[in-house]
Amino acid sequence: MIGVSQMTRVLACNDIRKFKKRPLVNPVSFELSQGEGLAVCGYNGSGKTTLLDIIAGLIEPDEGRVNIKGSIGYVMQRPGFQESLSVKDNLHLEAALCGLHGQAAIDRISLVADKCGLVDFFNTRYSKCSAGMQAKLSIAASLMPSPNLLLLDEAFNALDDMSRFRMKELFIEMKREGTALIFVSHNKEDFIGLCDRMMTLPSCEMVPT
């Protein structure tokens, strides 16, 4: 566990704005340090996923700047896995994208699959996976780079109660070890135990949770 005096900044967002197609009209500014969690809520179309995509480097802001220290994991709502490949093969692709090969990839895949309850489904084709299993695969893939910053976009939506509890415990442990996280959800119960502050979009109001 990291002490308060030892925490370093992982993310700084400075006056981020996006005007066209996927708007984030009001300037967004905040910082996150190791082990901090930020909840992001707001109505549909308020810019929550746009904010995560900008932080992840998938789209460019029209204004502002993002500074990140370390690696990012991103649980996306539409992750783009290969439908015809098995769970295991999709994880191997994710490992390769993270620069992991050979035994290092095998070891990391085994670890994240075990943490996410996927080992018994290694040989299941992605197209045959339930929505819950697909959600677990998204979470497992996000852990592949040992992220310093974890972005969660409605990560619990398809999970049953037991899986939701297991994943929340996993994220809490990651926070204790220093991972910072941003959690987008319409269900504020998801934030309990994970998030220290909550930002509402589009107003960008920030309050403690």
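Throughout, read-outs are computed from the coordinates displayed, never taken from laboratory work. Values in this document were obtained by computation on a predicted structure and should not be read as measured data. Note: ideal-geometry Cβ built from the backbone for every residue, glycine included; neighbour counts use all protein chains shown.
As I understand it, the dipole of the chain uses +1 on the Cβ of Lys and Arg and -1 on the Cβ of Asp and Glu, about the Cα centre. Which of V28, V112, L137 lies farthest toward its positive end?
V28
Output wanted: per-residue J couplings in Hz (rounded whole) for region 87-98, from phi through Karplus 6.51 cos²θ - 1.76 cosθ + 1.60, θ = phi - 60°, x for Gly and Pro.
Taking θ as phi minus 60°, the curve returns 4, 4, 5, 5, 5, 5, 5, 4, 4, 5, 5, 8 Hz for region 87-98.
Apply 1/(1 + (r/R0)^6) to the Cβ-Cβ distance of H186 and L111, taking R0 = 35 Å, and write down the FRET efficiency to the nearest 0.05.
After rounding to 0.05, the efficiency reads 0.70.
How do S142, S203, S110 rank when sorted from fewest to most other Cβ atoms within 10 Å of their own Cβ?
S203, S110, S142
With no solvent and one equal point scatterer per Cα, compute the Debye intensity ratio I(q)/I(0) for the chain at 0.08, 0.09, 0.12, 0.19 Å⁻¹ and report its log10, rounded to two decimals.
Values returned for q = 0.08, 0.09, 0.12, 0.19 Å⁻¹ are -0.27, -0.34, -0.61, -1.43.
Kindly give the semi-axes, whole Å and largest first, of the ellipsoid equivalent to region 145-209, taking each as the square root of 5 times a Cα gyration tensor eigenvalue.
19, 15, 11
Cα gyration tensor of region 117-169, axes a ≥ b ≥ c as square roots of the eigenvalues: rounded (a/c below 1.5), prolate (a/b > b/c) or oblate?
Here region 117-169 falls in the oblate category.
Would you mind ranking V66, V184, V28 so that the residue whose beta carbon has the fewest other beta carbons within 10 Å leads the list?
Sorted ascending by nearby Cβ count, the order is V66, V184, V28.
If a paramagnetic tag sat 7 Å from the Cα of D62 along the Cα-Cβ line, which residues of region 5-46 would have the backbone N under 14 Å from that point?
16-28
Quick one: which of 86-92, 186-192, 54-60 comes out on top by average Cβ neighbours within 10 Å, and what's the full order, highest first?
Per-residue Cβ counts within 10 Å, averaged per peptide and sorted highest first, yield 86-92, 54-60, 186-192.
I'd like the distance between the alpha-carbon centres of region 59-87 and region 125-155, rounded to an integer number of Å.
Their Cα centres are 11 Å away from one another.
Of all GluC sites (Glu not before Pro) in region 40-98, which ones are in loop regions per DSSP and have a Cβ with at most 11 other Cβ atoms within 10 Å?
In loop regions of region 40-98 (DSSP not H, G, I, E or B), the sparsely surrounded GluC sites (Glu not before Pro) are E83.
Checking the a/c ratio against 1.5 first, then a/b against b/c, what shape does the Cα gyration tensor give for region 85-161?
oblate
When a/c is below 1.5 the answer is rounded, else prolate if a/b is larger than b/c, else oblate, so apply that to region 27-71 with a ≥ b ≥ c taken from the square roots of the Cα gyration tensor eigenvalues.
oblate
What residues of region 27-54 lie in the reach of a label at K20, counting those whose backbone N is under 18 Å from a point 7 Å from the Cα along Cα→Cβ?
Answer for region 27-54: 50-51, 54.
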